[in-house]
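Quick notes on the structure that follows.
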Amino acid sequence: MNDMEIKTRCSPAEMEKADVWPSKKAENVDPDRVRIWPRMEPFLLGALQVAPSSKLGLHYLRKMATYVRTRDGCFPSLAWPMWKHIACGKLQLAEDLAWLYFETFDLFTSHSPADRLEWAESLSQCSNKSELDQQRGKMSVDTLQFLLFLHIQQLNRVSLRNSLIGEEWPSHRAHSPSPSEREAKTNTQNKNWDDQAHLSFTQSHLTELLELLVEPDQLSESGIARRDCQISLVAVRSLGLLLEGSVHPGSAVQPVHRLLSKGPLQMHAGYSSLSHSFPLNQLISCLQHNLTHNPFGITSCLRSGKRLAWAQQVEGAIKRAKIARNTHLAPAGSKMVLMSQVCKQTLAKTSDKMTGANIKIHRCSDAYIYLLSPLRSVNVDKCRDCTVILGPVETSVHVHCCQNVKVVCVAGRLVVGASSRCTLHALTPTRPLLLPGNTDITLGPFHTFYPSLEDHMASVGLAVVPNLWDQPLLLGNDPVKASANPDLTCYRLLPPEEFHMLVVPFHMEGDTCEVPGELAPRYQAALDDKQKRIQRWQKTVMEAQLNKEQKCKFQELVEAKFHTWLQETGHRQELDSLIPPSLQVSNGDPVAETSVNNVKFMKTREAMASPMAF
């Protein structure tokens, strides 16, 4: 296998070849109309939702920026062994945490599905830690982009001022909230989805971010960038990880280096075509002047997003629901679907409109949500008493501030924070990340399928092995000590006796007819034992030789018990919501009522065999 490297969106040569520079007509565009904004994905998928280690502060990153420029194996690509040496030897980070940052950066950086599947196959063949380390040693990242990635971990840094008053200080309106209010605010903030937070962070830290890209000979003895220093075009290309923009509203989205080195901003940014560089101070001024909100962010989507059609069974409940998308106009990496306040209903969708989108499921309750398409990321935020079944998620599924929520997914990573009484059935090639604030979390193996599941998995580069669902990484309040002193009581692995298969109750096109991969022997044995009990029960009924009247009476008793159980467990709502006038699931086509009734029968039969089957 070829070494797997994390690159910029394109190599410098490819970017020059692929550049579509603004036309002569565009050169006359007013520079004030050029808009530059923070990209969503680095903050959404890259910033861990936990206060970062002080070792990732600007002081240490400046030292690292100088170090990597002067060492073999560090620049322009940083290999895992060298990052491990820097993180563990210089910054004193735990190896698990060092790998977590490296792997997270890899997760949201562009790779083809074929490359990801090839990488998964290589990892699955590692039989011990030595072989695993050797394979990881083949991975490398873009050095400058990785530095920027480490710096944006400060997005979720806890500010004493903000945690106390939640607004700018001093202010005559400020008040000191109670400890419970402070705790609630800390636990419920989600800056990763907040495009205003992304903009504020970029504006506040722009100088620091750019100084990390300056070459060592442009720095003073104290490691600070000199006032007259230059920053190269190659370095500004790396800034494309965080920034993009357009020449005027409605025009094509371009990487930031194109906007700065050609067209209306070239003079304002001070770009020299001879030295291929920018004066740092002039570049900072130009960027600050043109920075604005992301036009494809959550704020814009809520204001002007298109409504997404769903198979809705409860007409009264949908009045409160807010479901919007920007997938019809957003570029790749900025596509999103927002669902809020879906209550007491079952929603099902498989559609190209969701493929590759970032999904936010917010403040939903007593709902059953099926999103059966290949997705980019999913955030389940402040939901309660919900079941969420997902198609393959290329990057991460994040469960945040939820109560009594069940999530079933195949995902690049699973993250849980500040949640209680949640159950997660996952197939994932990375260790589930448990952030602070969790209580009573249950981790179980992936236990369902739908006909097109394996095709969807292949389309996002997710394989059945390796599968690390049962090897969580617990990140404590001190991120330097990842896994060193965690609260091991916050989670449990699902006991085999509580394990049951889950049925996706919709007819769709596809060839997948069983759960991908193999169950661990203890869970397979539990299923086999349950099947034997069903067979014994059926044999007992047959050998009882009941007459017709007795069979009818017996059936009435069983059904009465079953319906009582449905009512007591709340599954009655789930089954009832699956009986519509028509059910739109596969590509928006209505499913005949007879098919829905057959689905209901399948689920009823499974439930009778095992009351927890669904």
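The values are calculated or read from the model by the stated rules, or taken from the named source; none is laboratory data. Just so it is clear, the model here is predicted, and its values are computed rather than measured. Cβ coordinates were reconstructed from backbone atoms using ideal geometry, including for glycine residues, and neighbour counts include every protein chain displayed. Accessible surface areas use protein heavy atoms only, side chains included; no ligands, DNA or RNA. Shrake-Rupley method; radii C 1.70, N 1.55, O 1.52, S 1.80 Å.
Pairs linking a residue in segment 423-447 that is of a type in the set (Phe, Trp, Tyr) to a residue that is at pLDDT 95 or above, with Cβ atoms under 6 Å and 6 or more positions apart or on different chains, are Phe446/His425; Phe446/Ala426; Phe446/Leu427.
Scan segment 529-574 for residues that are of a type in the set (Lys, Arg) and either closer than 30 Å to Ser365 by Cα or outside any helix (DSSP H, G or I) (or both) and report the count.
So in segment 529-574, the residues of a type in the set (Lys, Arg) come out as 530, 532-533, 536, 539, 548, 551, 553, 561, 572.
Retained after the next criterion (residues that are either closer than 30 Å to Ser365 by Cα or outside any helix (DSSP H, G or I) (or both)): 561, 572.
Number of matching residues: 2.
Restrict the check to segment 55-76 and report whether at least one residue is over 26 Å from Ser204 (Cα atoms) and either under 24 Å from the mean Cα position of the chain (by Cα) or crowded, with 20+ Cβ neighbours inside 10 Å (or both). Taking every residue of segment 55-76 in turn, none turns out to be over 26 Å from Ser204 (Cα atoms) and either under 24 Å from the mean Cα position of the chain (by Cα) or crowded, with 20+ Cβ neighbours inside 10 Å (or both). When every residue of segment 237-256 is checked against the conditions, none turns out to be loosely packed, with under 15 Cβ neighbours inside 10 Å and of a type in the set (Val, Ile, Thr). Could you please give the count of residues in segment 119-151 that are open to solvent by less than 30 Å² (accessible area, probe 1.4 Å) and in a helix (DSSP H, G or I)? Going through segment 119-151 one residue at a time, the tally reaches 13. Among the residues of segment 311-351, write down those that are outside any loop (DSSP other than H, G, I, E, B), more than 25 Å from Ser452 (Cβ to Cβ) and modelled with pLDDT of 85 or more. Once the filter is applied, which keeps residues that are outside any loop (DSSP other than H, G, I, E, B), more than 25 Å from Ser452 (Cβ to Cβ) and modelled with pLDDT of 85 or more, segment 311-351 yields Ala324, Ser340, Cys343. The criterion of at least 2 residues that are more than 25 Å from Ser110 (Cα to Cα) is met by the following strands (runs of 3 or more DSSP E) wholly inside segment 353-412: 368-371, 384-390. Number of residues in segment 274-288 that are surrounded by fewer than 21 Cβ atoms within 10 Å (Cβ to Cβ) and either assigned to a helix (DSSP H, G or I) or in contact (Cβ under 8 Å) with a residue 12 or more places away in the chain (or both) equals 8. For segment 77-90, how many residues are open to solvent by 10 Å² or more (accessible area, probe 1.4 Å) and either among the hydrophobic types (A, V, I, L, M, F, W, C) or free of Cβ contacts under 8 Å to residues at least 12 places away in the same chain (or both)? The total comes to 5.
Please determine whether any residue of segment 387-400 is more than 30 Å from Ser112 (Cβ to Cβ) and modelled with pLDDT under 95. No: zero hits. Looking only at residues in segment 416-435 that are on the phi < 0 side of the Ramachandran plot and surrounded by fewer than 20 Cβ atoms within 10 Å (Cβ to Cβ), the one that is nearest to the chain's Cα centre (by Cα) is Thr423.
Of all the residues that make up segment 108-118, how many are assigned to a helix (DSSP H, G or I) and open to solvent by 20 Å² or more (accessible area, probe 1.4 Å)? Give the derivation first.
Our first condition is that a residue be assigned to a helix (DSSP H, G or I); within segment 108-118, this holds for 108, 113-118.
Right, trim to open to solvent by 20 Å² or more (accessible area, probe 1.4 Å) and you get 113-118.
Within segment 108-118, residues that are assigned to a helix (DSSP H, G or I) and open to solvent by 20 Å² or more (accessible area, probe 1.4 Å) number 6.
Sub-8 Å Cβ pairs linking a first residue in segment 390-414 that is under 18 Å from Pro445 (Cβ atoms) to a second residue that is among the hydroxyl-bearing types (Ser, Thr, Tyr) and modelled with pLDDT under 95, at least 6 apart or interchain, are Gly391/Thr350, ordered by first then second residue.
Sort through Leu233, Leu291, Leu260 and tell me the only one that's within 35 Å of the chain's Cα centre (by Cα), open to solvent by less than 10 Å² (accessible area, probe 1.4 Å) and at pLDDT 90 or above.
None of the others qualify; the one that does is Leu260.
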